[in-house]
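The values are calculated or read from the model by the stated rules, or taken from the named source; none is laboratory data. Not measured: the values here are computed from a predicted model. All Cβ positions, even for glycine, are placed from backbone atoms using ideal geometry, and neighbour counts span all protein chains on display.
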Amino acid sequence: MKAAPWAANLDGVGMTAVTPTCPVQGGGVMSPQSSFGEPTDLVQLLTPEGMRVAHEEYAFKPGEHPEDELIRGFYRDMVLTRRLDIEATALQRHGELGLWAQLLGQEAAQVGAARAMQQQDFAFPTYREHGVAWCRGLDPMALLRLFRGVDQGAWDPKECQVANYTVVIGAQTLHAVGYGMGVQRDGAVGTGEPGRDTAVIVFFGDGASSQGDVNEAFIFAASYNAPVVFFCQNNQWAISQPMERQSRIPLYQRALGFGFPGVRVDGNDVLATYAVTQAALQRAREGNGPTLIEAYTYRMGAHTTTDDPTRYRLNDDVEHWKLKDPIARVKAHLLRHGVASESFFTKVDHEADDLGVLLREGCRALPDPEPLSVFDHVYADLPPDLRAQRDEFAAYLDSFEEVQ
Ligand SMILES: Cc1ncc(C[n+]2csc(CCOP(=O)(O)OP(=O)(O)O)c2C)c(N)n1
Ligand SMILES: [Mg+2]
């Protein structure tokens, strides 16, 4: 195994190696590993080669949908989400967006989790959850408006049961627990009435797991038995900080210390992320409290379009993870079982092309924002100091018109 470049750094700062002794799911004791290692303690239902495998605790349960149809749907969601991501990245490179946070490689984690939600469930995303937004039916133009700076992420969360993106790392975990406690008080947990019992799912990253907010959210959720699923996409990096800096034990094991279950799932396996999230959401809806899911995946792209990952990580690592591509393994599965024809794949590719055209044309046609609108929608009544700032800025803008 090749040593990761940061291994020497850890020794250099005098950190003491800790051998974790927590029991892990499936028995045994697990040591922290770099993403080069192959963790054996994750739930996997579809191998990187597209082979179905059984797990003793979790099974893929398609519910009322025919199984093949559901899997073809996952494939379509992942291909279209990836196209959205690629187009948005290109639009940023053409100067059409201010910034973009790529989800490349994390499609299965997001699509599996979002498709496991029921209509009444509510999602709290961070800034990279384009696959969740897609599956919940948010117009992708809403994402482009946000990253172009046309608005400040102004979609109505109630329309698709997805809160606005949160850039303040981890803050949304507290919002999610607060929402979940509200749902409890509305009597929409544990009634047994289908379509009424509600769960909340909150998405955050490996880096966010070090934030105080996230740990406080864990404590509140545990203490109040809140119907919350904490979905941590461990994509191995918090900008340039590797996972090894965030935790001495696998992240899902932290849940034990807070008093609720934790499970690690292959985040590049859409069948497994669907199955594990479905079980955790149902547990929450039934009133059995929170679960931490660690979706073990990899951020294939840069942190955002302002980042250059070649400065801090090995290309070997990226090449290694390419072999675990979440879309390729579903395609291999569909082909192997003869449950998707060539025309199905062609149709999805055409849909992706159409989406690309829609996004490119739609983005370029967006109106420029009104500069003074930055003062809108924060306060119902603008406080005097901000009103003064607004007036000063308005006068400044007017001065340009005078010159012309
Ligand atoms: C409270 C706070 N601190 C720091 C930052 C700067 N910041 C932006 S993204 C990021 C890393 C987040 O990493 P992770 O939680 O793993 O999510 P990922 O970007 O990998 O999806 C940091 C530190 C921030 N936005 N908010
Ligand atoms: Mg991360």
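Annotations
- Taken together, D385, D398, D381, D368 contain a single residue that is farther than 27 Å from L99 by Cα, among the acidic types (D, E) and either assigned by TED's automatic domain parsing to the domain that holds P140 or outside any helix (DSSP H, G or I) (or both), which is D381.
Table: residues versus (1) under 17 Å from Q119 (Cα atoms); (2) hydroxyl-bearing (S, T, Y); (3) away from ligand 1 (no atom under 11 Å from the Cβ); (4) under 19 Å from the mean Cα position of the chain (by Cα).
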| position | (1), (2), (3), (4) |
| --- | --- |
| Q161 | yes, no, yes, yes |
| T166 | no, yes, no, yes |
| F218 | no, no, yes, yes |
| E244 | no, no, yes, no |
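- Some residue of the stretch 269-291 being within 16 Å of ligand 2 (Cβ to nearest atom), part of a loop (DSSP other than H, G, I, E, B) and touching a Leu at 6+ places or on another chain (Cβ under 9 Å): no
- For the stretch 226-242, filtering for residues that are in contact with a strand residue (DSSP E or B) (Cβ under 9 Å, 6 or more places away or on another chain), within 13 Å of ligand 1 (Cβ to nearest atom) and in a loop (DSSP other than H, G, I, E, B) leaves 2.
- Residue that is surrounded by the most Cβ atoms within 10 Å (Cβ to Cβ), among those in the stretch 95-131 that are within 17 Å of A302 (Cβ to Cβ) and among the aromatic types (F, W, Y): W100
- Evaluating N215 against the criteria (1) touching a helix residue (DSSP H, G or I) at 6+ places or on another chain (Cβ under 7 Å); (2) of a type outside the set (F, W, Y); (3) closer than 24 Å to Q253 by Cβ; (4) away from ligand 2 (no atom under 16 Å from the Cβ) leaves one unmet condition, (1).
- Index of the failed condition, S223 passing every other in (1) hydroxyl-bearing (S, T, Y); (2) part of a helix (DSSP H, G or I); (3) surrounded by 19 or more Cβ atoms within 10 Å (Cβ to Cβ): (3)
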